[in-house]
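Undergrad: Quick one: this structure, given as C-alpha coordinates, is what I'll be asking you about.
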Amino acid sequence: RSGLSKTRQQINDTAGFLGNDVRDVFTNRLETVEDLEYALIAADVGRAATEEILEDVRRSEGRNLQDALMSALTLQLEPDARRAEFRKLGFAPQASRVSVDPRGHVVMVIGVNGVGKTTTIAKLGQYYQSRGRGVMFAAGDTFRAAAGAQLGEWGQRLGVPVVQGTDGGDPAAVAFDAASARRARGTDLLFVDTAGRLHNKHNLMEELKKVRRVVDKADPGEPSEVWLVLDAVTGQNGLQQAKKFHESTPLTGVIVTKLDGTSKGGILVPIVRELGVPIKFIGVGEGAGDLQPFDSAEFVRALFD
Ligand code: GDP
(Lines give C-alpha, C1' and ligand atoms only; values in the text may rest on other atoms or scores of the structure.)
Protein backbone atom coordinates (compact mmCIF):
# COMPACT_ATOMS: atom_id res chain seq x y z
CA ARG A 1 0.00 0.00 0.00
CA SER A 2 2.30 2.71 -1.24
CA GLY A 3 -0.39 5.41 -1.03
CA LEU A 4 -0.90 4.78 2.63
CA SER A 5 2.74 4.63 3.55
CA LYS A 6 3.06 7.93 1.75
CA THR A 7 0.37 9.41 3.99
CA ARG A 8 2.14 7.98 6.98
CA GLN A 9 5.39 9.48 5.81
CA GLN A 10 3.79 12.85 5.20
CA ILE A 11 2.06 12.79 8.53
CA ASN A 12 5.29 11.93 10.27
CA ASP A 13 7.10 14.63 8.36
CA THR A 14 4.76 17.30 9.66
CA ALA A 15 3.14 17.88 12.99
CA GLY A 16 0.79 14.94 12.49
CA PHE A 17 -2.90 14.86 11.80
CA LEU A 18 -3.99 14.89 15.43
CA GLY A 19 -0.95 16.56 16.86
CA ASN A 20 1.60 15.37 19.34
CA ASP A 21 -0.87 15.41 22.23
CA VAL A 22 -2.89 12.56 20.79
CA ARG A 23 0.21 10.80 19.52
CA ASP A 24 1.39 10.70 23.12
CA VAL A 25 -1.40 8.24 23.88
CA PHE A 26 0.35 5.81 21.61
CA THR A 27 3.73 6.17 23.15
CA ASN A 28 2.24 5.59 26.59
CA ARG A 29 3.08 9.08 27.71
CA LEU A 30 -0.65 9.75 28.02
CA GLU A 31 -2.41 7.34 30.31
CA THR A 32 -5.68 8.70 31.61
CA VAL A 33 -8.99 9.49 29.97
CA GLU A 34 -8.57 13.07 31.21
CA ASP A 35 -5.29 13.40 29.33
CA LEU A 36 -7.03 12.05 26.27
CA GLU A 37 -9.83 14.57 26.60
CA TYR A 38 -7.36 17.42 26.61
CA ALA A 39 -5.53 16.01 23.59
CA LEU A 40 -8.70 15.60 21.51
CA ILE A 41 -9.86 19.14 22.20
CA ALA A 42 -6.42 20.44 21.28
CA ALA A 43 -6.62 18.56 17.98
CA ASP A 44 -9.88 20.35 17.11
CA VAL A 45 -12.09 17.29 17.40
CA GLY A 46 -14.69 19.54 19.08
CA ARG A 47 -16.53 19.18 22.38
CA ALA A 48 -19.46 16.99 21.31
CA ALA A 49 -17.45 14.46 19.31
CA THR A 50 -14.83 14.32 22.07
CA GLU A 51 -17.55 13.39 24.58
CA GLU A 52 -18.69 10.54 22.33
CA ILE A 53 -15.18 9.26 21.86
CA LEU A 54 -14.52 9.33 25.61
CA GLU A 55 -17.82 7.52 26.17
CA ASP A 56 -16.76 4.74 23.81
CA VAL A 57 -13.34 4.56 25.41
CA ARG A 58 -14.82 4.23 28.91
CA ARG A 59 -17.25 1.58 27.69
CA SER A 60 -14.51 -0.58 26.27
CA GLU A 61 -13.36 -2.00 29.57
CA GLY A 62 -10.53 -4.45 29.46
CA ARG A 63 -8.94 -2.94 26.37
CA ASN A 64 -5.96 -0.73 26.53
CA LEU A 65 -6.33 2.96 25.92
CA GLN A 66 -4.65 2.78 22.51
CA ASP A 67 -6.98 0.14 21.06
CA ALA A 68 -10.03 1.79 22.57
CA LEU A 69 -9.11 5.17 21.13
CA MET A 70 -8.36 3.70 17.73
CA SER A 71 -11.75 2.01 17.55
CA ALA A 72 -13.61 5.04 18.89
CA LEU A 73 -11.95 7.37 16.39
CA THR A 74 -12.64 5.03 13.49
CA LEU A 75 -16.27 4.75 14.54
CA GLN A 76 -16.58 8.52 14.62
CA LEU A 77 -15.13 8.85 11.15
CA GLU A 78 -18.01 6.89 9.65
CA PRO A 79 -21.34 8.41 8.57
CA ASP A 80 -24.39 7.70 10.74
CA ALA A 81 -25.77 4.61 9.02
CA ARG A 82 -22.45 2.80 8.84
CA ARG A 83 -21.58 3.79 12.38
CA ALA A 84 -24.68 1.96 13.62
CA GLU A 85 -23.56 -1.14 11.70
CA PHE A 86 -20.09 -0.89 13.16
CA ARG A 87 -21.45 -0.66 16.69
CA LYS A 88 -23.41 -3.85 16.07
CA LEU A 89 -20.18 -5.49 15.00
CA GLY A 90 -18.98 -4.84 18.52
CA PHE A 91 -16.59 -1.97 18.09
CA ALA A 92 -14.44 -3.64 15.50
CA PRO A 93 -14.72 -1.70 12.27
CA GLN A 94 -13.91 -3.60 9.12
CA ALA A 95 -14.38 -2.70 5.46
CA SER A 96 -14.13 0.93 6.35
CA ARG A 97 -13.68 2.44 2.94
CA VAL A 98 -16.72 4.14 1.41
CA SER A 99 -17.31 3.92 -2.32
CA VAL A 100 -15.68 6.67 -4.36
CA ASP A 101 -17.46 5.58 -7.50
CA PRO A 102 -19.74 8.53 -8.29
CA ARG A 103 -23.35 7.61 -8.98
CA GLY A 104 -24.38 9.27 -12.21
CA HIS A 105 -21.91 11.14 -14.35
CA VAL A 106 -21.57 14.61 -12.91
CA VAL A 107 -19.78 15.74 -9.77
CA MET A 108 -20.20 19.35 -8.67
CA VAL A 109 -17.21 20.44 -6.65
CA ILE A 110 -17.94 23.26 -4.22
CA GLY A 111 -16.11 25.13 -1.45
CA VAL A 112 -14.78 28.58 -0.57
CA ASN A 113 -11.83 30.15 -2.40
CA GLY A 114 -8.41 28.95 -1.43
CA VAL A 115 -9.38 25.57 0.03
CA GLY A 116 -7.84 23.79 -2.95
CA LYS A 117 -10.92 23.24 -5.09
CA THR A 118 -9.32 23.66 -8.51
CA THR A 119 -6.29 21.57 -7.57
CA THR A 120 -8.59 18.88 -6.18
CA ILE A 121 -10.51 18.72 -9.46
CA ALA A 122 -7.21 18.14 -11.25
CA LYS A 123 -6.34 15.39 -8.75
CA LEU A 124 -9.77 13.78 -9.23
CA GLY A 125 -9.22 13.90 -12.98
CA GLN A 126 -5.95 12.05 -12.67
CA TYR A 127 -7.39 9.56 -10.16
CA TYR A 128 -10.31 8.43 -12.34
CA GLN A 129 -8.43 8.70 -15.59
CA SER A 130 -5.73 6.39 -14.30
CA ARG A 131 -8.51 3.91 -13.51
CA GLY A 132 -9.71 3.92 -17.08
CA ARG A 133 -12.56 6.39 -16.79
CA GLY A 134 -13.12 9.14 -19.34
CA VAL A 135 -13.03 12.55 -17.66
CA MET A 136 -14.06 16.13 -18.50
CA PHE A 137 -13.89 19.38 -16.54
CA ALA A 138 -16.18 22.41 -16.54
CA ALA A 139 -14.63 25.75 -15.56
CA GLY A 140 -17.69 26.98 -13.68
CA ASP A 141 -15.85 29.45 -11.45
CA THR A 142 -16.37 32.44 -13.73
CA PHE A 143 -16.12 34.80 -10.76
CA ARG A 144 -12.49 34.36 -9.69
CA ALA A 145 -10.21 35.78 -12.35
CA ALA A 146 -7.79 33.12 -13.64
CA ALA A 147 -9.73 30.18 -12.19
CA GLY A 148 -10.66 29.10 -15.72
CA ALA A 149 -7.09 29.49 -16.95
CA GLN A 150 -5.79 27.46 -13.98
CA LEU A 151 -8.19 24.61 -14.71
CA GLY A 152 -7.36 24.90 -18.41
CA GLU A 153 -3.68 24.37 -17.65
CA TRP A 154 -4.40 21.30 -15.55
CA GLY A 155 -6.62 19.97 -18.32
CA GLN A 156 -3.82 20.35 -20.81
CA ARG A 157 -1.29 18.69 -18.56
CA LEU A 158 -3.59 15.74 -17.85
CA GLY A 159 -5.14 15.48 -21.29
CA VAL A 160 -8.61 16.24 -19.93
CA PRO A 161 -11.00 18.37 -22.06
CA VAL A 162 -12.16 21.55 -20.31
CA VAL A 163 -15.37 23.39 -21.11
CA GLN A 164 -14.64 27.08 -20.53
CA GLY A 165 -16.96 30.01 -19.92
CA THR A 166 -16.24 33.73 -20.07
CA ASP A 167 -14.91 35.65 -17.07
CA GLY A 168 -17.89 37.05 -15.22
CA GLY A 169 -20.25 34.97 -17.37
CA ASP A 170 -23.09 32.79 -16.13
CA PRO A 171 -21.71 29.70 -14.35
CA ALA A 172 -24.96 27.83 -14.91
CA ALA A 173 -24.51 28.31 -18.67
CA VAL A 174 -21.02 26.75 -18.52
CA ALA A 175 -22.36 23.86 -16.44
CA PHE A 176 -25.22 23.35 -18.88
CA ASP A 177 -22.89 23.34 -21.91
CA ALA A 178 -20.49 20.96 -20.21
CA ALA A 179 -23.19 18.56 -19.02
CA SER A 180 -24.73 18.50 -22.51
CA ALA A 181 -21.30 17.90 -24.08
CA ARG A 182 -20.59 15.09 -21.64
CA ARG A 183 -23.80 13.41 -22.60
CA ALA A 184 -23.24 13.83 -26.31
CA ARG A 185 -19.70 12.41 -26.09
CA GLY A 186 -20.57 9.67 -23.66
CA THR A 187 -17.69 10.62 -21.34
CA ASP A 188 -17.89 8.81 -18.00
CA LEU A 189 -17.36 11.67 -15.59
CA LEU A 190 -17.68 15.45 -15.56
CA PHE A 191 -16.26 17.51 -12.70
CA VAL A 192 -17.77 20.98 -12.43
CA ASP A 193 -15.70 23.70 -10.75
CA THR A 194 -17.81 26.37 -9.02
CA ALA A 195 -17.30 29.80 -7.51
CA GLY A 196 -16.22 30.10 -3.88
CA ARG A 197 -16.40 33.77 -3.06
CA LEU A 198 -17.02 34.27 0.63
CA HIS A 199 -18.69 37.66 0.58
CA ASN A 200 -22.22 37.77 -0.71
CA LYS A 201 -22.88 34.26 0.54
CA HIS A 202 -26.56 34.41 -0.34
CA ASN A 203 -25.86 34.88 -4.03
CA LEU A 204 -23.27 32.12 -3.97
CA MET A 205 -25.71 29.65 -2.44
CA GLU A 206 -28.41 30.60 -4.95
CA GLU A 207 -25.91 30.20 -7.78
CA LEU A 208 -24.90 26.72 -6.61
CA LYS A 209 -28.54 25.65 -6.43
CA LYS A 210 -29.04 26.90 -9.96
CA VAL A 211 -25.97 25.08 -11.26
CA ARG A 212 -27.28 21.92 -9.65
CA ARG A 213 -30.72 22.31 -11.25
CA VAL A 214 -29.24 23.01 -14.64
CA VAL A 215 -26.87 20.03 -14.49
CA ASP A 216 -29.68 17.67 -13.54
CA LYS A 217 -31.76 19.04 -16.41
CA ALA A 218 -29.00 18.77 -19.00
CA ASP A 219 -28.03 15.31 -17.81
CA PRO A 220 -31.13 13.57 -16.48
CA GLY A 221 -30.89 10.16 -14.90
CA GLU A 222 -28.93 9.75 -11.72
CA PRO A 223 -28.81 13.03 -9.77
CA SER A 224 -25.42 14.70 -9.68
CA GLU A 225 -23.01 14.29 -6.79
CA VAL A 226 -22.04 17.35 -4.74
CA TRP A 227 -18.63 17.12 -3.11
CA LEU A 228 -17.46 19.84 -0.74
CA VAL A 229 -13.77 20.65 -0.52
CA LEU A 230 -12.61 21.73 2.94
CA ASP A 231 -9.20 22.92 4.07
CA ALA A 232 -8.16 20.98 7.18
CA VAL A 233 -6.18 23.97 8.39
CA THR A 234 -9.35 26.04 8.93
CA GLY A 235 -10.41 23.79 11.80
CA GLN A 236 -13.79 24.48 13.38
CA ASN A 237 -14.52 27.24 10.83
CA GLY A 238 -14.52 24.52 8.22
CA LEU A 239 -17.33 22.79 10.05
CA GLN A 240 -19.44 25.96 9.99
CA GLN A 241 -18.76 26.32 6.25
CA ALA A 242 -19.76 22.74 5.63
CA LYS A 243 -23.06 23.20 7.47
CA LYS A 244 -23.92 26.30 5.45
CA PHE A 245 -23.23 24.57 2.14
CA HIS A 246 -25.05 21.41 3.22
CA GLU A 247 -28.18 23.43 4.08
CA SER A 248 -28.43 24.92 0.62
CA THR A 249 -26.95 22.23 -1.63
CA PRO A 250 -27.11 18.84 0.13
CA LEU A 251 -23.67 17.26 0.04
CA THR A 252 -22.99 13.69 -1.01
CA GLY A 253 -19.32 13.74 -0.09
CA VAL A 254 -16.51 15.75 1.48
CA ILE A 255 -12.87 16.04 0.48
CA VAL A 256 -10.47 17.37 3.12
CA THR A 257 -7.32 19.01 1.74
CA LYS A 258 -3.96 20.01 3.19
CA LEU A 259 -3.76 17.21 5.73
CA ASP A 260 -0.05 17.25 5.01
CA GLY A 261 0.28 20.62 6.70
CA THR A 262 -1.75 20.56 9.91
CA SER A 263 -2.02 19.05 13.35
CA LYS A 264 -5.66 20.13 13.54
CA GLY A 265 -7.03 17.34 11.37
CA GLY A 266 -9.42 16.39 14.16
CA ILE A 267 -11.97 18.40 12.22
CA LEU A 268 -12.66 15.27 10.16
CA VAL A 269 -14.47 13.81 13.15
CA PRO A 270 -17.20 16.45 13.66
CA ILE A 271 -17.66 16.80 9.89
CA VAL A 272 -18.80 13.21 9.62
CA ARG A 273 -20.52 13.18 12.98
CA GLU A 274 -22.60 16.31 12.47
CA LEU A 275 -23.30 16.13 8.75
CA GLY A 276 -23.51 12.37 8.33
CA VAL A 277 -21.75 12.85 4.98
CA PRO A 278 -18.89 10.50 4.06
CA ILE A 279 -15.37 11.75 3.51
CA LYS A 280 -14.46 10.53 0.03
CA PHE A 281 -10.85 11.62 -0.36
CA ILE A 282 -8.07 13.40 1.49
CA GLY A 283 -5.56 15.77 -0.08
CA VAL A 284 -1.98 15.39 1.08
CA GLY A 285 0.01 17.74 -1.16
CA GLU A 286 0.00 20.06 -4.14
CA GLY A 287 0.65 17.55 -6.93
CA ALA A 288 -1.96 15.83 -9.09
CA GLY A 289 -1.17 12.52 -7.41
CA ASP A 290 -1.59 13.77 -3.85
CA LEU A 291 -5.13 12.51 -3.35
CA GLN A 292 -6.19 9.34 -1.57
CA PRO A 293 -9.52 7.60 -1.04
CA PHE A 294 -10.40 7.92 2.61
CA ASP A 295 -10.44 4.73 4.64
CA SER A 296 -11.20 5.49 8.27
CA ALA A 297 -9.65 2.42 9.89
CA GLU A 298 -6.53 2.50 7.74
CA PHE A 299 -6.26 6.20 8.27
CA VAL A 300 -6.47 6.07 12.05
CA ARG A 301 -4.02 3.17 12.11
CA ALA A 302 -1.57 5.12 9.95
CA LEU A 303 -1.63 8.03 12.34
CA PHE A 304 -0.05 6.07 15.10
CA ASP A 305 2.35 3.78 13.33
P1 GDP B 1 -9.26 27.12 -4.89
O2 GDP B 1 -9.29 28.61 -4.76
O3 GDP B 1 -10.12 26.48 -3.85
O4 GDP B 1 -9.56 26.63 -6.27
O5 GDP B 1 -7.78 26.67 -4.50
P6 GDP B 1 -6.54 26.18 -5.38
O7 GDP B 1 -6.83 24.88 -6.02
O8 GDP B 1 -6.10 27.29 -6.26
O9 GDP B 1 -5.46 25.89 -4.24
C10 GDP B 1 -5.01 26.87 -3.34
C11 GDP B 1 -3.60 26.48 -2.86
O12 GDP B 1 -3.67 25.32 -2.04
C13 GDP B 1 -2.65 26.14 -4.00
O14 GDP B 1 -1.39 26.67 -3.70
C15 GDP B 1 -2.62 24.60 -3.99
O16 GDP B 1 -1.41 24.08 -4.50
C17 GDP B 1 -2.75 24.34 -2.50
N18 GDP B 1 -3.28 23.00 -2.19
C19 GDP B 1 -4.38 22.38 -2.66
N20 GDP B 1 -4.54 21.16 -2.11
C21 GDP B 1 -3.50 20.97 -1.24
C22 GDP B 1 -3.09 19.89 -0.35
O23 GDP B 1 -3.73 18.84 -0.21
N24 GDP B 1 -1.94 20.11 0.37
C25 GDP B 1 -1.21 21.27 0.24
N26 GDP B 1 -0.11 21.38 0.99
N27 GDP B 1 -1.57 22.28 -0.55
C28 GDP B 1 -2.69 22.15 -1.30
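The values are calculated or read from the model by the stated rules, or taken from the named source; none is laboratory data. Predicted, not measured: the structure shown is a model, and the values here were computed from it. In this analysis, Cβ positions are derived from the backbone assuming ideal geometry, glycine residues included, and neighbour counts consider all displayed protein chains. Heavy atoms of the whole protein, side chains included, go into the accessibility calculation; ligands, DNA and RNA do not. Shrake-Rupley method; radii C 1.70, N 1.55, O 1.52, S 1.80 Å.
Undergrad: By how many nm would the segment from Ser180 to Arg133 lengthen if fully extended, with 0.36 nm per residue of separation less the alpha-carbon distance? Before the final figure, lay out the partial values.
TA: Numbers: separation 47, 0.36 × 47 = 16.92 nm, distance 1.81 nm.
My answer for the length gained is 15.1 nm.
Undergrad: Additional query: For segment 73-212, report the % of Cα-Cα distances exceeding 20 Å.
TA: Working: 5034 of 9730 pairs.
It works out to 52 percent of all Cα pairs.
Undergrad: What are the semi-axes of the equivalent ellipsoid for segment 212-261, taken as the square roots of 5 times the Cα gyration tensor eigenvalues, largest first, in whole Å?
TA: On the way: eigenvalues 137, 30, 8 Å².
Computed over segment 212-261, the values are 26, 12, 6 Å.
Undergrad: Output the Cα-based Rg and Dmax of segment 103-166 in Å, rounding Rg to one decimal and Dmax to a whole number.
TA: 11.3, 32
Undergrad: Compute the FRET efficiency between Glu51 and Lys217 as 1/(1 + (r/R0)^6), taking r as their Cβ-Cβ distance and R0 = 51 Å, and round to the nearest 0.05.
TA: Numbers: r = 44 Å, r/R0 = 0.86.
It comes to 0.70.
Undergrad: Might you report the magnitude of the Cβ-based charge dipole of segment 159-293 about its Cα centre, with Lys and Arg at +1 and Asp and Glu at -1, to the nearest 20 debye? Working shown, then result.
TA: On the way: 16 positive and 17 negative charges, 71 e Å.
That gives a dipole near 340 debye.
Undergrad: Given R₀ = 25 Å, what would the calculated FRET efficiency be for Arg301 paired with Glu274, taking r from the Cβ atoms and rounding to 0.05?
TA: Values: r = 24 Å, r/R0 = 0.96.
Taking R0 as 25 Å, the efficiency between Arg301 and Glu274 is 0.55.
Undergrad: Over segment 154-305, calculate the relative contact order: mean separation of alpha carbon pairs under 8 Å at least 6 apart, over the residue count, as a percent.
TA: Across segment 154-305, relative contact order equals 15 percent.
Undergrad: For segment 154-270, compute the orientation-averaged projected area of the C-alpha convex hull (one quarter of its surface), in nm². Can you show the working numbers first?
TA: Numbers: hull surface 34.3 nm².
Its Cα hull, projected and averaged over all orientations, spans 8.6 nm².
Undergrad: Could you sort Asp290, Asp193, Asp188 by their accessible area in this structure, using a 1.4 Å probe and putting the largest first? Don't skip to the answer; put the middle values down first.
TA: Values: Asp290 25, Asp193 0, Asp188 55 Å².
Heavy-atom accessible area, descending, gives Asp188, Asp290, Asp193.
Undergrad: If you don't mind, another one. Keeping all protein chains in place, calculate the accessible area per residue for segment 160-305 (probe 1.4 angstrom), answer in Å².
TA: Accessible surface, normalised per residue, equals 37 Å².
Undergrad: I've got another one for you. So, in Å, what gap is there between the alpha-carbon centers of segment 217-273 and segment 66-84?
TA: 19 Å
Undergrad: Quickly rank 106-119, 44-57, 157-170 as a protection proxy: mean count of other C-beta atoms within 10 Å, highest first. Walk me through the intermediate numbers first.
TA: Numbers: 106-119: 22.4, 44-57: 19.1, 157-170: 16.1.
The most tightly packed comes first, giving 106-119, 44-57, 157-170.
Undergrad: Treating cross-link reach as a plain straight distance, find the lysines whose alpha-carbon is under 16 Å from the alpha-carbon of Lys209, omitting any fewer than eight places away in the same chain.
TA: Straight-line reach from Lys209, under 16 Å: Lys201, Lys217, Lys243, Lys244.
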